[in-house]
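Trainee: Dropping a structure here in C-alpha cells format, bear with me for questions.
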Amino acid sequence: MATGREGVSGTLWPVTARRTWLDGRVNVFMAETNRLGLTCPRDPIGREIQARVTAVAATMGITEASARREFDDTTIREMARDMAAELEAEQPGADPMTLPPTHIVSTAVAGRTSAGLAVVAQLAISGDLPSLDEDTAENVHQAIALICSWGVLTECSAGRPGGVAVPEALIHRTIREFGTGIARLDNGVVPHDGGDPRALAAALADNMHLLQAEL
C-alpha cells in the first residue's frame, strides 16, 4: 500500500511499500498455481510458506533467515504443484454425498475418524478464543461438515457388514483436517475442555495413518 512522504516544499510524494521476502515467495507460488489453472488467496499461502520455514529452522537448528535459503523458486514451484495435486484429489466444491463411493473403510476406522474430527473442531474453536472471526467459523464448519458426511455414510452402509463405503475425496479432505489439528497442537493449542496435547496429537496422527492406508 502506498504511503505519503513529505518533500522539502511540503508536497506529499507517494511511497510504495517495500516488498518482503515472503511476498516474493507468495508471488512465485501464485504464478505457478495460475499456470495450472488454479486461483489461490495470498494469506493462506503466506502462512503455509512461513510455517514450513519455521519447521525447517527448528529441524535443522538454524535461524529462520538461514532457512529461507532452502525456499528458492524451484522449491516454491514444486510446493505449489504438490499442493495443487492434493487439492485436486479432494475435489473441492463437490458434495461428498454426491460422489460415488470408491473405498470401503471399516466401521471402527469410521468411528475413530468422526471422533478425531470432533477434536479438530474443538481445536479450531479453542485456538482462536475469545475472538471467533469468520476464518475460525469456516475452519469449524469444515470439520463439522466432514463429521456429518462420515455419519451419514456410516448410516447408509448399515447393511454392509463391518464396512463403510466412502468416496476417496472425503478421505483426502479428512487427512488434511487431521494435519491441521496436529499443527494446532504443535503450536500449543488444547481443547477448551482440556486434554493432553501429546496424546491427542498421537491419536490424530494414528487416525491419519489409518486413512492413508486406505488409499
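The values are calculated or read from the model by the stated rules, or taken from the named source; none is laboratory data. Quick caveat, the model's predicted, so the values are computed rather than measured. As a convention, Cβ positions derive from the backbone with ideal geometry for all residues, glycine included, and neighbour counts pool all protein chains shown. Keep in mind that these areas ignore ligands, DNA and RNA; they rest on the heavy atoms of the full protein, side chains included. Shrake-Rupley method; radii C 1.70, N 1.55, O 1.52, S 1.80 Å.
Trainee: Consider residue 96 against the criteria (1) modelled with pLDDT under 85; (2) closer than 23 Å to residue 212 by Cα; (3) not polar (S, T, N, Q): it satisfies all of them except one. Which criterion is unmet?
Mentor: The number of the failed condition is (1).
Trainee: Something else about it: Only one of 49, 45 is within 28 Å of residue 167 (Cα to Cα), under 16 Å from the mean Cα position of the chain (by Cα) and surrounded by 13 or more Cβ atoms within 10 Å (Cβ to Cβ); which?
Mentor: Numbers: 49 fails: within 28 Å of residue 167 (Cα to Cα).
Sole residue among the options that is within 28 Å of residue 167 (Cα to Cα), under 16 Å from the mean Cα position of the chain (by Cα) and surrounded by 13 or more Cβ atoms within 10 Å (Cβ to Cβ): 45.
Trainee: When both residues are 6+ apart or on different chains and their Cβ atoms are under 7 Å apart, which pairs have a first residue that lies in the range 79-90 and is more than 19 Å from residue 167 (Cα to Cα), and a second that is charged (D, E, K, R)?
Mentor: Taking only residues 6 or more apart or on different chains, the pairs are 80/32; 81/32.
Trainee: Does the range 159-215 hold any residues that are among the polar types (S, T, N, Q), touching a residue at least 40 places away in the same chain (Cβ under 8 Å) and surrounded by fewer than 20 Cβ atoms within 10 Å (Cβ to Cβ), and which are they? It would help to see each step written out before you state the result.
Mentor: Applying the first criterion (among the polar types (S, T, N, Q)) to the range 159-215 yields 174, 180, 187, 207, 212.
Right, trim to touching a residue at least 40 places away in the same chain (Cβ under 8 Å) and you get 174, 180, 187, 207.
Of everything in the range 159-215, those that are among the polar types (S, T, N, Q), touching a residue at least 40 places away in the same chain (Cβ under 8 Å) and surrounded by fewer than 20 Cβ atoms within 10 Å (Cβ to Cβ) turn out to be 180, 187.
Trainee: Criterion first (part of a helix (DSSP H, G or I), touching a residue at least 12 places away in the same chain (Cβ under 8 Å) and open to solvent by 20 Å² or more (accessible area, probe 1.4 Å)) does residue 117 satisfy it?
Mentor: Working: part of a helix (DSSP H, G or I): yes; touching a residue at least 12 places away in the same chain (Cβ under 8 Å): yes; open to solvent by 20 Å² or more (accessible area, probe 1.4 Å): no.
No: the conditions fail for residue 117.
Trainee: If I ask for residues that are open to solvent by 10 Å² or more (accessible area, probe 1.4 Å) and under 14 Å from residue 98 (Cα atoms), which ones from the range 149-158 would you list?
Mentor: Those that are open to solvent by 10 Å² or more (accessible area, probe 1.4 Å) and under 14 Å from residue 98 (Cα atoms): 149, 152, 153, 156.
Trainee: Does residue 101 count as open to solvent by 50 Å² or more (accessible area, probe 1.4 Å) and either over 30 Å from residue 156 (Cβ atoms) or aromatic (Phe, Trp, Tyr) (or both)? Before the answer, list the steps.
Mentor: Numbers: open to solvent by 50 Å² or more (accessible area, probe 1.4 Å): yes; either over 30 Å from residue 156 (Cβ atoms) or aromatic (Phe, Trp, Tyr) (or both): no.
Considered against the rule, which asks whether it is open to solvent by 50 Å² or more (accessible area, probe 1.4 Å) and either over 30 Å from residue 156 (Cβ atoms) or aromatic (Phe, Trp, Tyr) (or both), residue 101 comes out as no.
Trainee: Now a separate question. State whether one or more residues within the range 23-31 are modelled with pLDDT of 90 or more, open to solvent by 80 Å² or more (accessible area, probe 1.4 Å) and touching a helix residue (DSSP H, G or I) at 6+ places or on another chain (Cβ under 7 Å).
Mentor: Keep residues of the range 23-31 that are modelled with pLDDT of 90 or more, which gives 23-31.
Okay, now just the ones that are also open to solvent by 80 Å² or more (accessible area, probe 1.4 Å), so none.
The answer is no; no qualifying residue exists.
Trainee: Scan the range 150-173 and give yes if some residue there is at pLDDT 85 or above, in a helix (DSSP H, G or I), touching a Leu at 6+ places or on another chain (Cβ under 9 Å) and among the polar types (S, T, N, Q), otherwise no.
Mentor: No, that holds for no residue.
Trainee: Can you find even one residue in the range 66-74 that is open to solvent by 50 Å² or more (accessible area, probe 1.4 Å), over 20 Å from the mean Cα position of the chain (by Cα) and hydroxyl-bearing (Ser, Thr, Tyr)? Reasoning before the result, please.
Mentor: Here is the first cut: in the range 66-74, the residues open to solvent by 50 Å² or more (accessible area, probe 1.4 Å) are 68-70, 72-74.
So of that shortlist, the ones also over 20 Å from the mean Cα position of the chain (by Cα) come out as 68-70, 72-74.
Next, from what is left, pick out any that are hydroxyl-bearing (Ser, Thr, Tyr): 74.
For the range 66-74, residues open to solvent by 50 Å² or more (accessible area, probe 1.4 Å), over 20 Å from the mean Cα position of the chain (by Cα) and hydroxyl-bearing (Ser, Thr, Tyr): present.
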